[in-house]
Amino acid sequence: MSCKIMGDNYMRNQDKVFNLKVFAKNAIQLGITAVFVTPGLSAAESAGFGIEEVVVTARKRVENLQDTPVAITAMSSETLDRRMIGGTEQLDQVSPNLQFATYGPITGNSSASQVFIRGIGQTDATSSVDPGVGLYIDDVYIGQSVGGAMDFRDIANVQILRGPQGTLFGRNTIGGAVLLTTAQPGDDFGGKVKLGLGEDELIEFSGAVDIPLTDTLKSRFTYGTRKREGYVFREDGTDLGDDDTYTLTGKLLWEASDDFNLTIKLDYSEEDENGVPLVFAAINENAAFPAALSVAAGCPGATFPPPSVPTGIVDSRCANDATWQRGEFKNAGTAELESTLESWGFAAIANWELSENWSLKSITSYRELDWGGKRDADNTGFLILHTIMESEGEQLSQELQLNYSSEGLNGVLGLFYYEDEYDETLFVDYTPPPFAATPYFVDVTNNARLDNENWAVFGQFTYDFNDQLSLTLGARYTDETKAVKLNAFQEVGAISFSERFVTQDERILDFTDASISASIQYRWTEAFMTYLSYSEGFKSGGWNPLYNAVQPNLEPTAFNEETAETLEFGFKADISDSLRVNGAIFSTDYTDLQFTFRVGIVPLLFNAGEASIDGAELEFTYAPNENLIIEGSLGYLDASVDSVSNITSSAGAVTAVVTAGNSLPYTPDVTANLGVGYAFHLEGMRLTPRLDYSYTDEQFFDAGNTAEIAQSDAEGLLNFSLTLESANQTWRAVAGVTNLTDETYPVAGNSSLTTATGYAEIAYLRPRTWFLNLQYEF
C-alpha cells in the first residue's frame, strides 16, 4: 500500500473544464482595486503610457511587430520593469502558453531550466539532452539547459517566439525560441545604478556605464550581484532555494564607417548556492529500498522482501515515517546539497552594408560552462538515493547571414556551424535491498564524454505582390553528428566487487533534417493584418549516458530526434491609437516524442509517442490615456498523448508510466495574465501603483502524470508594486510585494515512485515577500 495514491491520473479522469472562473473572479477584483486611482495633482513632464511601436528580429531582420507573421511576445526593458519581470523564470507570468520552470530533475542545480512553449519542451536538463525551446543571447545560441534560468541585469528587449522555428533558428527550437538582447554602448558617458533590498535578507546591486573611447569606439560595462536566503529549511538550519550570484559583462562597439560595425562582448557569471528547494512529496512502501532500510533500522512490523512496512506510522526508523512529511518548506534530508555554476563567453558580431540591397552579418561565439549539483533525492533521514552531478564543457558557434532587401523582395541566406564538448559525471550513493537483511552500500558512477557537431544551410524570402499581399517561403537543411564515450560502473562496498555497464568505445550517431516553412499574409487595412503559416521543427536525438545495470551487449541506448509540424492562423490589429490586439489559433502534430521511462531506477529517453496539440492565444494592450494602462494575454491548449509505443529492455524492468491520454508535462489548459497600472502626476514626479495577476491551470510535471508531484488545482499569482519616479526618469524608487495573497502551490517535481527507490520530491512557490528597488541614471 502506498502512502499516497500513485499514478492514478485522477485529474485526467475528471471532465475537462475551461477553468476561467478563478481567473475571471480575480480579474474583476483586480479591476475594482484599480478604481481607487484618481487624477493626480499636476501633469508631469515625462511621457505617459501609450501604444508603442515594437521592433522585432524574429525573421533575422528588423521589422515592426505588427508586420511580422509570427506569434511573438515582445517586451522592452521599460516593459519588463513595469511588469516586474526580473528573470527568465518569470516570463511565463506575461506570455501565453509558456512555462519557464527551474530545478531540472537529477541535476540538483537551481539554474537548470525546463522551458515549454505550446506543450513542447524538455524536462531533462542534463548535458546529454537538448532543450526543446531555443535560448539566444545577443543572437548566440545557448546549447545547455543549465544556466537558462537567469536574472535580467542589462536587458534591452525580450522576444518570445511561439511555434516551431526550424527554418531560421534550426535545431532544438521545436517549441519556439526565447531571444534576449542586451543593451548596446551609448554615444555619451553615462549609466545607471540599482540597489535592491527585500525579505529573506535580499540585497542586490547592479550597475552599467557607457564610456565612449573615441568618436567611433564605444564601450559599456555592467556588473550585478544578488544574495538572498532560501525559503526551505533543514533541521541543521541550512536554507535551500537561496540566491548567491554575480555577473560581469563588457562590450565594445566599433563603428568603423557607415557601412561596417563590430561588437565584441565578454561575459562572466558565477553562482554558489546551498541547493534546490525540493522537499519530501511521497514514498512507496512497496518499493524495495525503503522497505529494506526500514527492516534494517528496526521499523516495527517490517519484514523483507516487501510489502511489509506498516502504513500511517510515526516512527523515525520507518522509511515512510510521517515526520518526514514536514510541509512545503521543511526538508528532512541529511545528505550533502549544493548548487554551483561558472560560465564565461565571448562573442563577435559584425555587420557589413555591401550595397544598397545586400548586407552581411557574422556572429562568432565561444562559451565555457562548469556546473554542479548535489541532491538528497528522497529527502528523508535515510540514504535511499543521493546524487552528485558535475558537468564541464565548451561550445563554439559561427553563423553567417546574407540579407537582401528591395522594394518587393526581402530575405536572408545563411550558414550555421555549432560544436560542443562536455564531460559529465553522475555519482550515485544508494542503499539497495540487503543480502540476509544486512544493508550494504553501492556507488554508481557514470562518466560521459559528449561531442556534438552540426552545420546547416538555410534561406527565407518574402515577396510582396502588392502593398497588401505577401508570401514567405523558407527552408533549412541540417547535418548533425553526436558522439559519446562512456565509463559506467558500480562498486559494491560490502562484497567488494566492481561491475561495468557499457564498454568505453566511442559511439557515433548521424542525423539529417530538412525543415520548411511558409506563410501568406494579407494587410486588410493599415492597422489590421492576418496570416496563415506552416512551420516545421525538430529536436536532436542522442545517447542516454546514465546506467545502473549491465546493458545488452554492453551497448548504450540511443534515442532519435522528435519533430513537430504546426499550422497557424493569426492576426495583428491596432484597433485604435489606444488598443492593440494580437492573436493566433494553431494545430500541431508532434511525433517521435522523447519520453522518459525508468529502466530499473534509471531514467532513460525513448522515442515512444505521438501527440496532438491544438490551441489559441490572445494578447492585448489598452492605454486610453497617458495615465492608465491595461495589458494581458490568454492562452488555451488542448494537448494530450495520442499513442505510446511498447518499450522493453533486457537490462531491467521498464516502468511504462506514460500512457495514451496523458497530458504533456508543463502544459496547463489555460494560462492568462492581466496587469493594471495608473500614474498620478505630482510636482515633478510620477506615482504609479500597479497590480499584476497571472493564472495557471492545473498541470503535471512529468509525462507519467504523477499525481503526487502535480499542480493539482488552478492557481493564481498576484503581485503589487508602487513606483515613484522623477518626471525625467533620472531616479526611480519601486516598492512592492510578490505573491501578495501568500499562495502555496507546486512549481516543479520529480518522481521515482514506481521504481525500487520509491521516492517523490517537489518544490513550491516562494511565500509572500516584499522588496524595495532604488535606481539612478546619470
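What is region 161-294 by shape, rounded, prolate or oblate, if you read a ≥ b ≥ c off the alpha carbon gyration tensor as root eigenvalues and call it rounded for a/c under 1.5, prolate for a/b larger than b/c, and oblate otherwise?
oblate
Could the peptides 288-294, 528-534 be put in order, highest first, of the mean number of other beta-carbon atoms found within 10 Å of their residues?
The packing order, highest mean first, is 288-294, 528-534.
If you filter region 149-191 for chymotrypsin sites (Phe, Trp or Tyr not before Pro), then keep DSSP loop positions with at most 12 other Cβ within 10 Å, what is left?
189
For the chain, what is the charge dipole size about the Cα centre, in debye to the nearest 20, if Lys and Arg each add +1 at the Cβ and Asp and Glu each add -1 at the Cβ? Write out the running numbers ahead of the final one.
Details: 47 positive and 110 negative charges, 272 e Å.
It comes to approximately 1300 debye.
Report the label-to-label distance for residue 451 and residue 323 in nanometres (one decimal), using points 7 Å from each Cα along the Cα→Cβ vector.
5.4
Karplus couplings for region 182-192 from phi (6.51 cos²θ - 1.76 cosθ + 1.60, θ = phi - 60°), rounded to Hz, Gly and Pro as x?
Couplings: 8, 5, 8, x, x, 6, 10, 5, x, x, 8 Hz.
Under the classification rounded if a/c is under 1.5, otherwise prolate if a/b is larger than b/c and oblate if not, where does region 61-216 fall, given a ≥ b ≥ c as square roots of the Cα gyration tensor eigenvalues?
Oblate, because a/c is 1.5 or more while a/b does not exceed b/c.
If R0 is 51 Å, what FRET efficiency do you get for residue 724 and residue 524 from their C-beta distance, rounded to 0.05?
Once the sixth-power term is evaluated, E becomes 0.75.
GluC sites (Glu not before Pro), restricted to region 120-208: which are DSSP loop and have at most 14 other Cβ atoms within 10 Å?
201
Quick one: if you stick a label point 7 Å off each Cα along the C-beta vector at residue 409 and residue 625, how many nm between them?
Taking the two extended label points, one gets 5.2 nm.
Shape call for region 647-688 from the C-alpha gyration tensor, a ≥ b ≥ c root eigenvalues: rounded (a/c under 1.5), prolate (a/b greater than b/c) or oblate?
Verdict is prolate for region 647-688.
Post the alpha-carbon centroid distance, region 693-760 to region 211-265, in whole angstrom.
26
Once the cut-off is 15 Å, how many percent of the Cα-Cα pairs in region 143-238 end up in the long-distance tail?
Tail of the P(r) past 15 Å holds 74 percent of the pairs.
For the pairs 374/485; 251/485; 60/251, note any where the Cα-Cα span goes beyond 28 Å.
Among 374/485; 251/485; 60/251, the Cα-Cα distance tops 28 Å for 251/485.
Go through region 599-631 and name the GluC sites (Glu not before Pro) that are in a DSSP coil and have 11 or fewer other Cβ atoms within 10 Å of their Cβ.
Numbers: sites: 610, 617, 619, 626, 631; in loops: 626.
When the GluC sites (Glu not before Pro) of region 599-631 are filtered for loop state and at most 11 Cβ neighbours within 10 Å, nothing remains.
Calculated from DSSP H runs of 4 or more alone, at -39500 (n - 2.57) each and per residue, what is the 222 nm mean residue ellipticity of the chain, nearest 500? List each step's numbers first, then the result.
On the way: 4 runs with 34 residues, N = 778.
Using -39500 (n - 2.57) per qualifying helix, the result is -1000 deg cm²/dmol.
For percent of Cα pairs over 39 Å apart, the choices are (i) 49; (ii) 42; (iii) 37; which was calculated from the structure?
Recomputing percent of Cα pairs over 39 Å apart here picks out (iii).
Compute the long axis of helix 21-34 from its Cα atoms, compare it with the longest principal axis of the Cα atoms of the chain, and write down the angle in degrees, 0 to 90, nearest 10.
40
Which links in 192/361; 227/330; 539/572; 227/539; 218/361; 192/218 stretch past 25 Å when you go from one Cα to the other?
Result: 192/361; 539/572; 227/539 exceed 25 Å.
Rounded to the nearest 10 degrees, what's the angle between the helix 288-297 long axis and the longest principal axis of the chain, both from Cα atoms, 0 to 90?
Taking the Cα atoms of the chain, the angle to 288-297 is about 60 degrees.
Every number here is computed from the coordinates shown, using simple stated rules; none is lab data. Being a predicted model, the structure only gives us computed values, none of them experimental. As a convention, Cβ positions derive from the backbone with ideal geometry for all residues, glycine included, and neighbour counts pool all protein chains shown.
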